[in-house]
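Bear in mind these aren't lab numbers, they're just calculated from the coordinates by the rules spelled out. Source: prediction; values computed, not measured. Cβ atoms come from the backbone with ideal geometry, glycine included; neighbour counts cover every protein chain shown.
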Amino acid sequence: MQITVKIKRFDPEADTRPRWVEYQLDVDPTERVLDVINHIKWELDGSLAFRRSCAHGICGSDAMLINGVNRLACKVLVQDLGNRITVEPIRGLEVKKDLIVDMEPFFDSYRAVLPYFINDEPPPPTERLQSPEERAVFDETTKCILCAACTTSCPVFWTNGSYVGPASIVNAHRFIFDSRDRGTLERLEVLNQSNGLWRCRTAYNCTEACPRDIPVTQAIEEVRRAMLFRG
Ligand code: SF4
Ligand code: F3S
Ligand code: FES
């Protein structure tokens, strides 16, 4: 299959603004976009910069805007896109080079919601027990791989980069609804600030973008309800 791949490139040492570069390739329709851009880097243009690691939808490092939609390059098949493919960096974060963006603001927001287990009570002799029903309440939000596809598809984040963003709320949800955790009030306080979850306008882009099928908007609503319930 003959395809044309158009990649939005930016070299901070040579360019003043991003530019589109086209590549023509012969590929198997069952190849993934990650295979295609690996091919471009390894055989056509070694200067192309992008992140990837696991190649199996687990590490979350290759989120890109592919034909206008945030996806993981390792999870999209060429045959599902047709013979013209556009690839751009995810939006709302500073582009460092080509498809590589500065993820630090994203991880700053993630760290702000205390995404770890908090409980200073003395541990029981064996372990902190939890029923299957209690575990099921936050099962979906344990699946996050921090790819940023949700946050960088959110129109609120595009206009206000300090909005905490859906990925952080998902990771707060994972601990807020954990029956063993005691850090809920601290997390809700963070999310109640001016750039916290009240900024969400229920646009749903985040839910559509999530490669792990996490019901992101629903998780945001559940945290909102927890906030209202706890006053
Ligand atoms: Fe990626 Fe989904 Fe986690 Fe957002 S919620 S960072 S889209 S895995
Ligand atoms: Fe943004 Fe998702 Fe809310 S796209 S506005 S965080 S529902
Ligand atoms: Fe790890 Fe795609 S390379 S998720």
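Couplings 3J(HN,Hα) of segment 206-218, computed from phi: 4, 5, 5, 7, 5, x, 9, 6, 6, x, 4, 5, 5 Hz, in residue order, whole Hz [Karplus 6.51 cos²θ - 1.76 cosθ + 1.60, θ = phi - 60°; x for Gly and Pro]. Shape of segment 1-71 from its Cα gyration tensor (a ≥ b ≥ c, root eigenvalues): rounded if a/c is under 1.5, otherwise prolate when a/b > b/c, or oblate? Oblate. Can you give me the relative contact order of the chain as a percent, contacts being Cα pairs under 8 Å and 6 or more apart? That works out to 18 percent. Calculated mean residue ellipticity, 222 nm, the chain: -7500 deg cm²/dmol, from DSSP H runs (n ≥ 4) at -39500 (n - 2.57) each, averaged per residue and rounded to 500. Across segment 187-197, coupling constants 3J(HN,Hα) worked out from phi with the 6.51/-1.76/1.60 Karplus curve, θ = phi - 60°, read 5, 5, 4, 4, 6, 8, 6, 4, 9, x, 6 Hz, and Gly and Pro carry x. Mean projected area of the Cα convex hull of segment 156-197, taken over all directions, amounts to 2.8 nm². Modelled spin labels at T202 and E22, positioned 7 Å past Cα toward Cβ, are 4.4 nm from each other. In segment 93-141, the ratio of gyration radius to Kirkwood radius, Rg to Rh, stands at 1.22 when only Cα atoms are counted. Selection among T126, M1, V156 by position relative to the dipole of the chain gives V156 as farthest towards the positive end (Cβ unit charges, Cα centre). Local charge for I58 was computed over the other residues whose Cβ lies under 12 Å away, with Lys and Arg +1 and Asp and Glu -1, and equals +3.
Within a straight-line Cα-Cα reach of under 17 Å, K75 can be paired with the following aspartates and glutamates, leaving aside sequence neighbours fewer than 8 residues apart in one chain: D28, E31, D35, D62, E88, E208, D213.
Over all other residues within a Cβ to Cβ distance under 14 Å of Q2, the charged ones net out to -3, with Lys and Arg as +1 and Asp and Glu as -1.
Dividing the mean sequence gap of close Cα pairs (under 8 Å, 6+ apart) by how many residues segment 8-101 holds gives a relative contact order of 34 percent.
Angle between the Cα long axis of helix 166-176 and the longest principal axis of the chain, 0 to 90 degrees, nearest 10? Roughly 30 degrees between the two axes. With R₀ set to 30 Å, the beta-carbon distance separating E186 from I100 gives a calculated FRET efficiency near 0.35. Charged side chains reduced to their Cβ positions (Lys and Arg at +1, Asp and Glu at -1) give segment 74-231 a dipole of some 300 debye around its Cα centre.
Legend: residue pairs K41/K143; K8/K41; K8/K143, Cα-Cα distance threshold 21 Å; pairs beyond threshold, K41/K143; K8/K143.
Amide H contacts for S61 (H built 1.01 Å from N in the peptide plane; partners 5 or more residues away or on another chain; cut-off under 5 Å): S53, C54. Pairs of C-alpha atoms in segment 1-160 farther apart than 21 Å represent 55 percent of all such pairs. Between S131 and S53, the FRET efficiency estimated from the beta carbon spacing at R0 = 45 angstrom works out to 0.80. For segment 77-119, the alpha-carbon radius of gyration amounts to 1.79 times the rule-of-thumb value 2.2 N^0.38 Å expected for a compact globular protein.
For the chain, modelled as a GNM whose springs connect Cα atoms under 10 angstrom apart, the maximal fluctuation among I118, I100, I37 occurs at I118.
Couplings for segment 64-73, taken from phi via the Karplus curve 6.51 cos²θ - 1.76 cosθ + 1.60 with θ = phi - 60°, read 8, 8, 10, 6, x, 10, 5, 8, 8, 4 Hz in order; Gly and Pro are left as x.
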